[in-house]
1. In segment 1-135, if the dipole is taken from +1 on Lys/Arg beta carbons and -1 on Asp/Glu beta carbons about the Cα centre, which of Met58, Ile122, Ala22 is farthest to the positive end?
2. What FRET efficiency, computed as 1/(1 + (r/R0)^6) with R0 = 22 Å and r the Cβ-Cβ distance, is obtained for Leu152 and Leu68, rounded to the nearest 0.05?
3. From the list [x] 50, 13, 11; [y] 45, 16, 14; [z] 37, 23, 14, can you say which value of semi-axes √(5λ) of the Cα gyration tensor in Å was derived from the structure given?
4. Rank these for me by crowding, Arg96, Arg117, going from fewest to most other beta carbons within 10 Å.
5. For Asp93 and Leu17, what does the FRET efficiency come to when R0 = 35 Å and r is the distance between their Cβ atoms, rounded to the nearest 0.05?
6. Run the quick spin-label model on His106 and Lys142: label points 7 Å from Cα toward the beta carbon, then report their separation in nm to one decimal.
7. Give the angle, between 0 and 90 degrees and rounded to the nearest 10, that separates the Cα long axis of helix 71-83 from the longest principal axis of the Cα atoms of the chain.
8. Roughly how many debye, to the nearest 20, is the charge dipole of segment 1-141 about its Cα centre, given +1 on each Lys and Arg Cβ, -1 on each Asp and Glu Cβ, and no other charges?
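Values quoted throughout were computed directly from the atomic coordinates according to the rules given, and no laboratory measurement underlies them. Remember, predicted model here, so these are calculated numbers, not experimental data. Here the Cβ is made from the backbone with ideal geometry for all residues, glycine too, and neighbour counts use every protein chain on show.
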Amino acid sequence: MKEPAATTTESAIGPKLWVVMARAHDSLASYIEACIAKEGLCLSDFMVLEVLLHKGPMTISEIGDKVLLANASMTSAVDRLERRSFVFRKNSDSDRRVRIVDLTDHGRAFISDLYARHVQDIEAVTNVLTAREQIQLRTLLKKLGRSADTALNLRTASPGTNR
C-alpha cells in the first residue's frame, strides 16, 4: 500500500531526497571524472568516444544530441580527439554538405579498452548495492525522472502559473 505524501514543510521528504540524490550524483560524477582524467581525457571527450563506440559513425549534431552537449562544445571535443588521432571526419555518401565523425582504429582500440575499465570503475562503486537493489534503484529513478518531465511539461504548458 502506498503511503500518503507528506504535506507539511517540516515533514516533507522530497527536499531531503533531492539533497541526497544531488550529493550522490556529485560524488559519483567526481569519481568517474577522476578515473577518466587519469587517461588524459575530459568527460565530454570520453562521452564522444563512447557514443561512437556504441552507436557508430554520426554527425556532430547527432553526437551532441546523444551526449547532451551544444554543437560548439561538440566541435571542440571532436577537434581535440582528431588531434589525438582518435576520430576522423569524412563526407557523407548521401549528402556532401554533411560531415560524419568516426573512430580511427587507434581510437576504437583506445575507447574499447577504456570503456572496459570504466565499467569496472562503476561496478566498484555500485557493488555496495545488491543486483536487486540496483535494479530497484534504476526503476525508481526512472519513475522519478518521468514524473519530473511530466511536471515540467505541465508547468511550461501553463505560462504564468506557479502550480
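1. Met58
2. 0.90
3. Checked against the structure: label [z].
4. Ordered from fewest to most neighbouring Cβ atoms within 10 Å, Arg96, Arg117 come out as Arg96, Arg117.
5. The value I calculate is 0.10.
6. Calculated label separation equals 4.0 nm.
7. In the chain, helix 71-83 runs at an angle near 40 degrees to the longest axis.
8. Value, rounded to 20: 220 debye.
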